[in-house]
Structures are given as C-alpha cells and as structure tokens.
Amino acid sequence: MSVEKLLRALNKHCVNKLPESLHHVKSTIKNVAFSSYYSNSQHNFTTGLIKDDLLLLNDLSKNKDIIVTKPNKGQSVVILNKNEYIDEMESILGYETKFIKIVDYCTSLIIKREDQLNNMLRKLKESQLTVKVTYSRLFTSGSKLGILYGLTKVHKTGFPLRPILSAIGTLNYDISKYFVPILKTLIINKFTIHDTFSFMKTILDIPDACSYIMASSAVTNLFTNVPLVETIAIITDSLFNHSTHINGLNKLQFRKLQLKT
C-alpha cells in the first residue's frame, strides 16, 4: 500500500478529533515518508518531468542570458533573466545595515579569522575547559567562502528573491553545528507545534473555537534583520539562567564563542 493510500485510510477514522495514538501514527508515517524521499540520492527538483521537458531544460541551461532554478517553495521550475537576477541580488546586498563590504583580500581575511578562532579554542583546551575531541572537532583549516544565491518566491507579488547562504565549508560552519543541540533546548516549550497534526489537534481542543480568528505574521528577510549581538546576549542569558557552566564554558566564554559564529 502506498503512503498516500495509507494516510487516506487513516483519515476515515478521524473525522472530528484525532485520538492521540492515531495522531502519533500519522505523524510518524509522514516523517518516515519524507526522510525516505530526501535520503534518496536520485531525487531533485525535476522529479515528475517527462523526457521532453528534461531535454528542453537541458537546452535552456546552455543559454547564458537566463538562469534555470527552483522556487523558494514547492516542486517546479523557475526561469529568470540573468541580468535581472543579478541586479536584484546586488540590491539585496546593497543594504549597508545588513551587509558589510569587505575591502581586504578574502583569502587573507579567512586565514586571519581562522587564527582568531583557533587561538581561542587552543586557550580553552589548555585551561581544560574544552576536551580534546571537541577541540579537534571545532578546529578549522582550509576554510572557503560562503555562497549566496536567491530563490524566487513565486507565491508573492513581484516574485521577489529569498537570499540563501550556503555556509558549508566556511570557517564557522562546524562551530555553528556545535551550538545547534544546545540552542534547541530554548525552542521547546508549551508554545511549540511539532507538525500540522499537533496544530490541528490543538485548535480542535479549543472551547468555542469558532468565536476566534486565526492570524499569522511574517518578517521580511528575517535572518538579515535579526540584531545579532542583542540576540546572542538574550540567548546566552536564557541558557545560563539556571546554569553557571555549559559544556565546561562559563557565560562569558560561551558568549565569545557564539560571536565567532
């Protein structure tokens, strides 16, 4: 039985409210299906296209005046005028409050930043605040620049680009991954919704739900509008609210290490 047929069969048993066990089963099936799909090395954004479409896209990719890519959301193909794409990306980078133009030679700057980070890690290791395994994991060498590109928001008027930064291989990539499990503890609370099934169950359990109006809000270019220094200070204060040390680091050391990311 396909995943779609299985979920449809389960839906027949939850017309009004989802029993907790059934809700868990559906959520698990959905997660397994997505994990299986994305772990398949053959999947890409052209899935479902017929041979003639693929041949056409291959021909279009040879045109130096256009860019063939995928949208910010969904499975489809977006064709952009290359000059217009570059102009909009340069416009995004033109916000001086969000981006700073580097005047130094990039290779020299990367080496300088690597030395600063590695020196800090070395001091933590020498003071026995960082174990050897962690030091080896975070030590950085041969770093490269991040890659910025834009994906079209086809569901919005004017089809604006969403800037995406690929930080894989950059000097602070490993240290950013190191912070992920630590910071995750701050986002799990009573206001967290794990998936659409949890959300549906929550709103169905609200007494007199029909008398309420559901609203949503969004922040334009969220990640480039977040004040980094202030955000890091808030995060650090929250983490150390009931602790004096995390992974052997005190509050000041933890904050300094975060600023390196």
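The values are calculated or read from the model by the stated rules, or taken from the named source; none is laboratory data. Please read these numbers as outputs of a predicted model, since none were measured by experiment. Positions of Cβ are generated from backbone atoms using ideal geometry, with glycine treated the same way; all protein chains shown enter the neighbour counts.
Summary table below
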quantity	calculated
Residue ID - farthest from ILE175 (Cα to Cα), chosen from residues in the stretch 242-261 that are of a type in the set (Lys, Arg) and surrounded by 16 or more Cβ atoms within 10 Å (Cβ to Cβ)	ARG255
Odd one out for PRO207 among (1) loosely packed, with under 12 Cβ neighbours inside 10 Å; (2) part of a helix (DSSP H, G or I)	(2)
Residues of the stretch 210-261 that turn out to be farther than 16 Å from THR185 by Cβ, in a loop (DSSP other than H, G, I, E, B) and among the small types (Gly, Ala, Ser), as a count	5
Close pairs (9 angstrom Cβ cut-off, 6 or more residues apart or separate chains): acidic (Asp, Glu) in the stretch 200-228, in a loop (DSSP other than H, G, I, E, B) anywhere	ASP205/LYS17
All positions within the stretch 228-255 that are under 25 Å from the mean Cα position of the chain (by Cα) and of a type in the set (Lys, Arg)	ARG255
Every residue from the stretch 70-90 that is among the aliphatic types (A, V, I, L, M) and either within 21 Å of the chain's Cα centre (by Cα) or not in a strand (DSSP E or B) (or both)	VAL77, ILE86, MET89
Residue that is nearest to THR236 (Cα to Cα) [pool: residues in the stretch 169-181 that are among the hydrophobic types (A, V, I, L, M, F, W, C) and within 16 Å of the chain's Cα centre (by Cα)]	PHE179
Failed criterion for GLN128 (all others in (1) surrounded by 11 or more Cβ atoms within 10 Å (Cβ to Cβ); (2) at positive phi hold)	(1)
Criterion (of a type outside the set (Asp, Glu) and at pLDDT 90 or above) met by exactly one of LEU151, LEU129	LEU151
Residues of the stretch 124-156 that turn out to be in a helix (DSSP H, G or I) and in contact (Cβ under 8 Å) with a residue 40 or more places away in the chain, as a count	4
PHE159 over 30 Å from GLY94 (Cβ atoms) and either free of Cβ contacts under 8 Å to residues at least 40 places away in the same chain or of a type in the set (Lys, Arg) (or both)	no
Subset of the stretch 209-261 that is among the charged types (D, E, K, R) and at pLDDT below 85 - its residue that is nearest to PHE159 (Cα to Cα)	LYS260
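To keep it simple, each residue is scored yes or no on (1) acidic (Asp, Glu); (2) at positive phi; (3) in contact with a strand residue (DSSP E or B) (Cβ under 7 Å, 6 or more places away or on another chain).
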position	(1), (2), (3)
GLY74	no, yes, no
VAL77	no, no, yes
ASN81	no, no, yes
ILE86	no, no, no
LYS112	no, no, no
SER136	no, no, no
GLY142	no, yes, no
THR152	no, no, yes
